[in-house]
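The block underneath contains the structure these notes are about, expressed in structure tokens.
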Amino acid sequence: MAENRRVIEEVEARHDALDGLILTAMRHFPRRVETPDGFEATFALYYVSRLVLSHGLTGLLEKGGEPMIVNVCGVGITKGAVHWDDLSLRHGYGGIKAILQGGRATDLLGVAYPAVHPGGRTRFLLHHPGFTRSGTASLAQPARAVVRLLARVAAQPVEQAVQPIVELMADPPEGRLLAYDRRTPVDLSLPTLDPDAARRLYELTRHVLR
């Protein structure tokens, strides 16, 4: 939390306005790690940090030209769930379970954002880039070797993965909430994009914005 707030303060000191905020940080934690704030590390990285940065920088974004928050995530994937009674996964932790919960939570972050900032200009784009050669440093063997081999055969380079994001930011569609799998719109009525669940998660975690 302290580092996210430090970043916000530094950006505010350097800039009078922002045109975009792109959130991409991801990491696999094979064993449960807890942050100093008491969050499970995957949840902190995938959801809490993006919550703080997106809402914390909204003031500068609203002063931008065509402001957009881009949340690089797994939108369109419906596996996994938010574990409402155990968000920090103190019981039955698993690395994949944590990643899937983080993915579903960051989807709901995007759904909640326009409702939290009614009348705002900033669009929120949930973007699934597809399989991308973006590194395997956080993976342990043998998973690292397997993913590297698959990436050589099936993954796209980062330069290709970001191109749809560039296009959507340059010429944004109508609407405050956008969801795309590469260049294909994602159905906003998916159960993983439920507005009630989005509001519930925001209410559970809004204290981190204070």
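Computed extension gain for ILE77 through LEU209, at 0.36 nm per residue and net of the alpha carbon distance, reaches 44.8 nm.
Rounded to the nearest 500, what is the chain's calculated 222 nm mean residue ellipticity when only DSSP H runs of at least 4 contribute -39500 (n - 2.57) each, over all residues?
Numbers: 7 runs with 83 residues, N = 210.
Value at 222 nm, helices only, nearest 500: -12000 deg cm²/dmol.
Between ASP181, ASP194, ASP85, the Gaussian network model of the chain with springs among Cα atoms under 10 angstrom shows the greatest mean-square fluctuation at ASP85.
Highest GNM mean-square fluctuation among ALA13, ALA198, ALA98, for the chain modelled with Cα contacts below 10 Å: ALA13.
Each label was represented as a point 7 Å from its Cα along the Cα-to-Cβ direction; for GLU3 and GLU66 these points are 3.3 nm apart. Computed about its Cα centre, the charge dipole of region 162-208 is approximately 180 debye, with only Lys, Arg, Asp and Glu carrying charge at their Cβ.
Gain in length, GLU12 to ARG27, computed as 0.36 nm per residue apart minus the alpha-carbon separation, to one decimal in nm? Show your work: numbers first, answer last.
Details: separation 15, 0.36 × 15 = 5.40 nm, distance 2.68 nm.
Separation in residues times 0.36 nm, less the Cα-Cα distance, equals 2.7 nm.
Taking the Cα atoms of the chain, the ratio Rg/Rh between the radius of gyration and the Kirkwood radius comes to 0.95.
Let's see if you can work this out: charge +1 on each Lys and Arg Cβ, -1 on each Asp and Glu Cβ, no other charges. What is the dipole magnitude of region 39-138 about its Cα centre, in debye to the nearest 20?
Values: 9 positive and 6 negative charges, 40 e Å.
Charge dipole, region 39-138, about its Cα centre: 180 debye, nearest 20.
Taking the alpha-carbon centroid of each part, what is the distance from region 17-40 to region 42-90 in angstrom? Cα centroid of region 17-40 versus Cα centroid of region 42-90: 9 Å apart.
When the Cα positions of HIS207, GLY20, HIS83 are compared along the charge dipole of the chain, HIS83 comes out farthest toward the positive end, with charges on each C-beta of Lys, Arg, Asp and Glu.
Note: relative contact order over the chain, using C-alpha pairs below 8 Å and six or more positions apart, is 24 percent.
Place +1 on the Cβ of every Lys and Arg and -1 on the Cβ of every Asp and Glu in the chain, take the dipole about the Cα centre, and give the residue among THR106, LEU45, SER134 whose Cα lies farthest towards its positive end. The residue sitting most towards the positive pole is SER134. Using the Karplus relation 6.51 cos²θ - 1.76 cosθ + 1.60 with θ = phi - 60°, the per-residue 3J(HN,Hα) values for region 31-42 come to 10, 5, 10, 10, 6, x, 8, x, 8, 4, 4, 5 Hz, with x marking Gly and Pro.
Evaluated at q = 0.14 Å⁻¹, the base-10 log of the normalised Debye intensity for region 59-115, with identical point scatterers placed on the Cα atoms, takes the values -0.49.
Close amide H contacts of LEU21 (hydrogens built in the peptide plane, cut-off under 5 Å, sequence separation of 5 or more or a different chain): MET68, ILE69, VAL70.
Assigning unit charges at the beta carbon (Lys, Arg +1; Asp, Glu -1) and nothing else, what dipole magnitude in debye, to the nearest 20, does the chain show about its Cα centre? Let's see the in-between values first.
Working: 25 positive and 23 negative charges, 151 e Å.
Result for the chain is approximately 720 debye, rounded to the nearest 20.
Summing charges over all other residues whose Cβ lies under 11 Å from the Cβ of GLU3, with Lys and Arg as +1 and Asp and Glu as -1, gives -1.
Calculate the tail of P(r) for region 167-210: the fraction of all Cα-Cα distances greater than 12 Å, expressed in %. Everything past 12 Å amounts to 71 percent.
Coordinate-derived values only; no laboratory data. Treat the numbers as computed from the prediction; the structure is a model and nothing was measured. FYI the Cβ positions are ideal-geometry reconstructions off the backbone, even for glycines, and counts take in every protein chain you see.
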